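Here the structure comes first, spelled out in C-alpha cells, and everything after it is commentary.
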Amino acid sequence: MHDVIVIGGGVIGLSIARELAGRKAVLVLDRGATGEGTSWAAAGMLSPLSEADDQDPFFQLCRASHDSYRKFIGELEDETGIDCGYSGSGLLCLACSEESANALRRRCEWQRKAGFAVENISGDEVRRMEPLITADILTALFMPAESSVAPRRLVNALRESCLKRGVEIRTGARVQGISKNAVRTDGLTFEAPGIVVASGVWSPELAGLDPPIPVYPRKGQILSLCMPPGAFRHMIRWHHSYFVPRNNGDLIVGATDEDVGFDRSVTPAGIGKLLADAQAISSHVGSYPIMETWTGLRPATQDGLPVIGPSAIPGVFYATAHYRNGVLLAPITASIIADLVSNGRSRVAIEPYAPSRFGNSGTDA
Ligand code: FAD
Ligand code: GLY
C-alpha cells in the first residue's frame, strides 16, 4: 500500500513526508494530532551563527539548511497560501559584561575570517536599531542573515502541503513497535519497505529499535508578550535568553534548558528568569501583557548531535534528536532522508549523526 511510513508528524516527520511525496506513496502516523509535539513549542529561530564557536560539521549542516530556508518557505507558502511568519531581519547578540564582550569578539573574529556576515557594533548603534533597548551595552554583534519563522504556522503549512501532495496522514495512531517492513499500532499493522522514525523525544518508546535511540528531554520554558508591531525589529540574544519578534509585534521570550525528565510544568523560577532578562534588556517591556507561557521538551542526545541515518534494520531510518535546532534543520533532514530512502546514499556527510554511534552493526551511508 505505501512505500514509506513516517512515524511522527512534527516539523521533521512532515518535512520528510513532503519531500518524499510524489516519488513515493507516504503514510504519516501520529499518536495525537500533527504538530502538537515539541515543534509546537519552538521559538522558530533559524540561527546557525549565534551559537557556533567553530566551523564543525554540525555548524555546516545548520548553515546548509539555513541556506535553503527562504526557498523552502517560499514554495510552502505558494503551495498552501499559509503565511509561515518568515522574517529575515537578522539577529543582535548583546554583551553587558567584559566576559561576554570578549566571547562575542572571539565569535566575530572567526566568523568574519570565515567570510560570514557578522558586524561588531556599538551600544549606540544597537539603540538606533532597537529604540526600546535600555540596557548598558558594552558591545554587540549584528548577524544580518539570521532569520526566523513561526513554527506553529510552519507545521500547519507542512501538513497542508503533505495533503496536497498526496501524503496520507493518520492521527490518533500511536505506534507501539517496529520491525523490518512493518509498523504496529494499537490494533493495526502497516507494511512498507521504508520506515522513518521521526517521533522526537518519544522515539525511545518504540519497541524493536536497533540500535535503541538514547534521546532524553531538555525542558524549555518560554513565553510571549503582546507588543505593538515593530516594537522590536530584530531577534536578540542576551546571556542565555533570546527574544524573537513576530511580524505582528508579539515578542517571544525564551527559553530555559532544563534536565527534569518529562515534567512540562511552567514554574515561577523559569518564567521569572525570562521576565527578569526581558526587563533587564528593556525597561519598557514590563508594562506589556503576557499572552502565553508554555513549555516543550527538546529531544537531546549526550553528544548534542541529531540522529539521522540508517538503523541496523534494513529499510528503517532515524531522523530525531534535533535538540535546539529541529526547525532550522527540517529542510536538510528531509533531503537527507529522502536521498537515503530513494537510493541509499546521502549527498550530505552524515557520519557524525549515524545511529551506529550508539553501538550497532548498521551500515553508515
Ligand atoms: P516533535 O515536534 O515532537 O514531533 C514528534 C511527533 O511524533 C509528535 O507529533 C508526536 O505526537 C509524534 N509521536 C511521538 N511518539 C509517537 C508514537 N509512538 N506513534 C506515533 N506518533 C508519535 N528549534 C529551532 O530550530 N529553532 C528554535 O528557535 C527552537 N526553539 C525551541 C524552543 C523551545 C522552548 C523548545 C522546547 C524547542 C525549540 N527548538 C527550536 C527545537 C525544536 O522545537 C525541536 O528540535 C523540533 O521541534 C523537533 O521536531 P520533531 O518533529 O523531531 O519532534
Ligand atoms: N533554539 C532555541 C531553543 O532551543 O530554545
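The values are calculated or read from the model by the stated rules, or taken from the named source; none is laboratory data. Since we're looking at a predicted model, the values are computed, not measured. Every residue, glycine as well, gets a Cβ built from its backbone with ideal geometry; the counts of neighbours run over all protein chains shown. Remember, those area values only see protein heavy atoms, side chains included, never the ligands or the DNA or RNA. Shrake-Rupley method; radii C 1.70, N 1.55, O 1.52, S 1.80 Å.
Based on protein heavy atoms only, the chain ends up with 41 Å² per residue of surface accessible to a 1.4 Å probe.
Based on alpha carbons, the Rg and Dmax found for the range 254-359 are 18.9, 57 Å.
Treating the Cα atoms of the range 1-156 as identical point scatterers in vacuum, please give the log10 of the normalised Debye intensity I(q)/I(0) at q = 0.18 Å⁻¹, two decimals. Summing over Cα pairs of the range 1-156 leads to -1.12.
Using R0 = 30 Å, the C-beta based FRET efficiency linking Glu51 and Glu125 works out to 0.85. Peptides 308-314, 16-22 ordered by packing proxy, namely the average of other Cβ atoms within 10 Å per residue, highest first: 16-22, 308-314.
In terms of its Cα atoms, the range 16-73 spans 39, 29, 20 Å along the principal axes, sorted from long to short.
Listed by chain and number, the aspartates and glutamates whose C-alpha is less than 16 Å from the C-alpha of Lys273, apart from same-chain residues fewer than 8 away, are Asp257, Glu258, Glu292.
The dipole here belongs to the chain: it is taken about the Cα centre, uses +1 on the Cβ of Lys and Arg and -1 on the Cβ of Asp and Glu, and is about 500 debye. Here the Karplus relation 6.51 cos²θ - 1.76 cosθ + 1.60, evaluated at θ = phi - 60°, turns the backbone of the range 243-255 into coupling constants of 10, 10, x, 7, 4, 8, x, 3, 10, 7, 10, x, 8 Hz, with x for every Gly and Pro. Rounded if a/c is under 1.5, else prolate if a/b is larger than b/c, else oblate: which is the range 122-199, with a ≥ b ≥ c the root eigenvalues of its Cα gyration tensor? Verdict is prolate for the range 122-199. Using R0 = 22 Å, the C-beta based FRET efficiency linking Arg70 and Trp40 works out to 0.40. Dividing the helix sum by the residues of the chain, where each DSSP H run of 4 or more adds -39500 (n - 2.57), gives a mean residue ellipticity at 222 nm of -9000 deg cm²/dmol. Full extension of the chain between Thr134 and Arg170 gives 8.0 nm of extra length, using 0.36 nm per residue less the Cα-Cα distance.
Among 159-165, 317-323, the peptide with the highest mean count of other Cβ atoms within 10 Å heads the list, and the full ranking is 317-323, 159-165. Cross-link partners for Lys71 among the lysines, with Cα-Cα distance under 19 Å and sequence neighbours closer than 8 places in the same chain left out: Lys164.
Please state the shape class of the range 184-313: rounded when a/c is under 1.5, otherwise prolate if a/b exceeds b/c and oblate if not, all from the C-alpha gyration tensor. The shape class here is prolate.
Tally the DSSP beta bridges in the chain and give the antiparallel ones as a percent, rounded to 5. Looking only at bridges with both residues in the chain, the antiparallel portion is about 70 percent. Can you classify the chain as rounded, prolate or oblate using the Cα gyration tensor, where a ≥ b ≥ c are the square roots of its eigenvalues, rounded means a/c under 1.5, and otherwise it's prolate if a/b beats b/c and oblate if not? Prolate shape, in that a/c is at least 1.5 and a/b is the bigger ratio. Distance between the C-alpha centres of the range 118-146 and the range 257-311: 24 Å, rounded to the whole angstrom.
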